[in-house]
Each structure stands twice: as C-alpha cells, then as structure tokens.
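The structure appears right after this line, and notes come after that.
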Amino acid sequence: VTIFKFAKFIGISSLQNGVFLIIILQCILSSLSGLLVFKTLFNFTQNHMISWTGWILYVLLIGSSPWVMIPYSDSMTLIFPILITWIWSLLKNNRYTILKWTMIASISYIGYKLKPQVIITLIAIIIIQFLYTKFSKEGLIHLIKCAIPMAASVVILNFVISSLTSSLPFQLN
C-alpha cells in the first residue's frame with residue numbers, strides 16, 4: 001500500500017504501473033541480496049572462490065526464478081535474513097558491536113513483522129553465539145550493554161510500525 005501511495009504521489013496512478021514499481025523494487029532487493037551473499041561468504045571464509053560460487057548459486061536459484069517477477073512477501077523479505085547474517089559476519093572485528101547487535105535486532109523485528117520466518121535467522125545466531133561464548137563477568141556486562149539498546153529498538157520499531165499500519169485503509173489480518 002505504501003508503494004502504491006508513493007507511485008500515486010510521483011504520478012503513477014494505474015494499478016499496472018504500481019505493480020511494475022513493486023517488481024522493480026523486488027529486483028533491486030534481490031540484486032542487493034546477491035551482493036550480500038557474496039560479501040557474507042567472503043567475511044566468513046576470506047576466499048573469493050567460495051564467495052563467487054555462492055553468488056553463482058544465488059543467481060541460479062533465486063535470480064533466475066520466475067517468482068522474482070511476482071509481487072509477494074517472500075521476494076520482498078529475502079534481503080532480511082541475508083542482511084542480518086552479513087551484519088553478524090562483521091561482528092568478528094569487535095568494533096561497534098552494540099550498534100551491530102542493535103541493527104540485527106531491528107532488522108530482525110522489521111523482517112518478522114513482514115514475514116515471521118525471518119526470525120529463524122536471529123534464533124540461529126543466538127544459538128551459535130550462546131554455544132561459542134565464554135561465560136565471564138565481562139561477557140555478562142557486554143551482553144547487558146547490547147541487550148538494552150536491542151530491546152529499546154524493538155520497542156521503538158513496534159510503536160512506529162503500529163502507527164504506520166493503523167493508517168492503512170483496511171484491517172490487517
């Protein structure tokens with residue numbers, strides 16, 4: 001609905017052109033997802049061959065799928081799990097960890113509101129982090145430092161999303 005409102009705002013008033021705008025957005029998101037697959041694989045492996053192989057598989061499986069041209073939530077939310085994983089892959093440099101965890105929580109929440117399956121990525125990351133975390137006083141303090149802004153971002157996003165959805169001309173189911 002927001003995309004159709006934007007289309008109408010810029011002078012695209014027909015349904016067909018509005019759908020075309022959604023398909024263009026989906027293609028952009030799909031292309032960005034492919035780039036993030038490459039970057040995420042490289043962050044984890046530091047190997048260009050593996051990264052290119054992952055990107056080629058992405059293009060074969062996702063990029064060549066005819067479903068990319070059909071406006072639906074799977075195509076719109078494809079970027080969320082990949083973006084979450086990419087940000088998580090950046091945590092190993094130990095810089096801006098609180099910001100990165102807050103971004104992971106925020107993107108996970110927005111993705112969850114659009115397609116609940118997106119949260120599976122966050123659950124997997126939390127399990128992996130739990131298994132590989134050495135428990136110490138410093139680790140607990142860092143966990144608390146990360147948890148507070150993460151929770152705050154979810155509360156703020158919940159308010160923003162509720163405000164946006166209440167302005168829709170129909171009741172969400």
Q: Kindly check whether there is at least one residue in the range 82-104 that is assigned to a loop (DSSP other than H, G, I, E, B) and in contact (Cβ under 8 Å) with a residue 24 or more places away in the chain.
A: no
Q) In the range 115-163, which residues are in contact with a helix residue (DSSP H, G or I) (Cβ under 6 Å, 6 or more places away or on another chain), in a helix (DSSP H, G or I) and within 23 Å of TYR72 (Cα to Cα)? A) VAL118, ILE119, THR121, LEU122, LEU157, ILE161
Q: All but one of (1) out of contact with any helix residue (DSSP H, G or I) (no Cβ under 9 Å at 6 or more places or on another chain); (2) open to solvent by 80 Å² or more (accessible area, probe 1.4 Å) hold for ILE24, so report the exception by its number.
A: (2)
Q. For the range 44-62, what are the residues that are surrounded by 15 or more Cβ atoms within 10 Å (Cβ to Cβ) and either hydroxyl-bearing (Ser, Thr, Tyr) or touching a Phe, Trp or Tyr at 6+ places or on another chain (Cβ under 7 Å) (or both)?
A. SER51, GLY54, TRP55, TYR58
Q: Could you check SER65 against (1) at pLDDT 90 or above; (2) open to solvent by less than 50 Å² (accessible area, probe 1.4 Å) and say which number it fails?
A: (1)
(Q) assigned to a helix (DSSP H, G or I), open to solvent by 70 Å² or more (accessible area, probe 1.4 Å) and more than 20 Å from PRO81 (Cα to Cα): is that true of LYS8 in this structure? (A) yes
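The values are calculated or read from the model by the stated rules, or taken from the named source; none is laboratory data. Computed from a predicted model, the values in this text were never measured in an experiment. In this analysis, Cβ positions are derived from the backbone assuming ideal geometry, glycine residues included, and neighbour counts consider all displayed protein chains. These area figures cover heavy atoms from the full protein model, side chains too; ligands, DNA and RNA do not enter into them. Shrake-Rupley method; radii C 1.70, N 1.55, O 1.52, S 1.80 Å.
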